[in-house]
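Student: Please find one structure pasted underneath; my questions will follow.
None of the figures in this text is laboratory data; all of them are computed from the coordinates on show. Remember, predicted model here, so these are calculated numbers, not experimental data. Cβ placement follows ideal geometry from the backbone for every residue including glycine, while neighbour counts extend to all protein chains displayed.
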Amino acid sequence: MNIQKMLLTPNRYSRPQIKLGTVKKVVVHWVGNATSTAVNNRNYFEGLKVGTNKVYASSHYIVGLEGEIIQCVPEDEVAYHANDANDYSIGIENCHPTWEGKFSEATYDSLVALCADICYRYKLNPKTDLIRHYDVTGKMCPLYYVKNTSAWQKLKDDVGAALEAIVEEETSIVTTTKININGTVKEVERILYNGFNYIKVRDLADEHIIVGYDAVEKIPTIEII
């Protein structure tokens, strides 16, 4: 996942540099401007700094029509995207090719990957912590996923599956290593899980090491001969 940092200039209207509290939610939006690009929308946020219309708006990320991801505001700062939820949520704006509001396949895939990554890092549950702008304010945003609740549920399910894949990859790494047993070096499979190394007892078995199982005590046994 490639994220391009194009941080907004600190200003009161789109990047106030207010520290964000504990991240509890990820809020999904649509940009509400069909065919506009991620850069277009980032530049719109940047242009608010002049204060001409006194509009307060921004998001942490924008996902483009081709799946590109632009970061506008650091995750530890407040972005103006979801009213009362601004203090505890990360906002993601998404571009869309038509006014129907359905995200392109590329946008959708990048959004899923980004949401899963955020959920992993902040220990969030996509089922309850991935929400729409609509769920905070009642605004029809993101439009397609407000009108099509089954599509919204699928998006959350897809984020959940992507999160599970990250957890599995990050917490369980299988490699091979060498182990010295009474002067004999053996190559065994090593599993790194949650910071601990594990090996399979049966991998130690050879003509000098007998691996068995004590059915009474219900524990493995190792005998060196």
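Student: Report the residue, chosen from Asn11, Asn94, Asn86, that carries the largest GNM mean-square fluctuation when the chain is represented by alpha-carbon nodes joined by springs under 10 Å.
Tutor: Result: Asn11 has the largest fluctuation of those listed.
Student: Right, another one. Just one of [x] 17.8; [y] 20.3; [z] 18.5 is Kirkwood radius over Cα pairs in Å calculated from these coordinates, so which is it?
Tutor: Computed from the coordinates, Kirkwood radius over Cα pairs in Å corresponds to [y].
Student: Short version: ³J(HN,Hα) in whole Hz for each residue of the range 130-138, in order, from phi by Karplus 6.51 cos²θ - 1.76 cosθ + 1.60 (θ = phi - 60°), x for Gly and Pro, what are they?
Tutor: 9, 10, 9, 3, 3, 5, 9, 10, x
Student: Amide H neighbours of Arg132 under 5 Å, at least 5 residues apart or on other chains, H built in the peptide plane: list them.
Tutor: HN-HN under 5 Å from Arg132: Val28.
Student: For the range 31-73, run through the GluC sites (Glu not before Pro) and keep only the ones in DSSP coil with at most 16 other Cβ atoms within 10 Å of their Cβ.
Tutor: Listed in order of number, the matching sites are Glu66.
Student: Same structure again: For the chain, find the longest principal axis of its Cα atoms and tell me its angle to the long axis of helix 105-122, 0 to 90°, nearest 10.
Tutor: That works out to roughly 60 degrees.
Student: Between the range 93-137 and the range 56-72, how far is it from one alpha carbon centroid to the other, in angstrom?
Tutor: If we compute the Cα centre of each part, the gap is 11 Å.
Student: Lysines near Lys186 by alpha-carbon distance under 27 Å, same-chain residues fewer than 8 away left out - which ones?
Tutor: Lys178, Lys200, Lys218
Student: Report, in degrees rounded to the nearest 10, the 0 to 90 angle that the Cα long axis of helix 149-171 makes with the longest principal axis of the chain.
Tutor: Once rounded, the angle reads 40 degrees.
Student: Continuing with the same structure: Under the rule of -39500 (n - 2.57) per DSSP H run of 4 or more residues, summed and divided by the residues of the chain, what mean residue ellipticity at 222 nm is obtained, to the nearest 500 deg cm²/dmol?
Tutor: Calculated from helices alone, the mean residue ellipticity at 222 nm is -8500 deg cm²/dmol.
Student: Let me ask another. For the range 1-118, compute Rg over Rh where Rg is the Cα radius of gyration and Rh is the Kirkwood radius from the inverse mean 1/r over Cα pairs.
Tutor: 0.94
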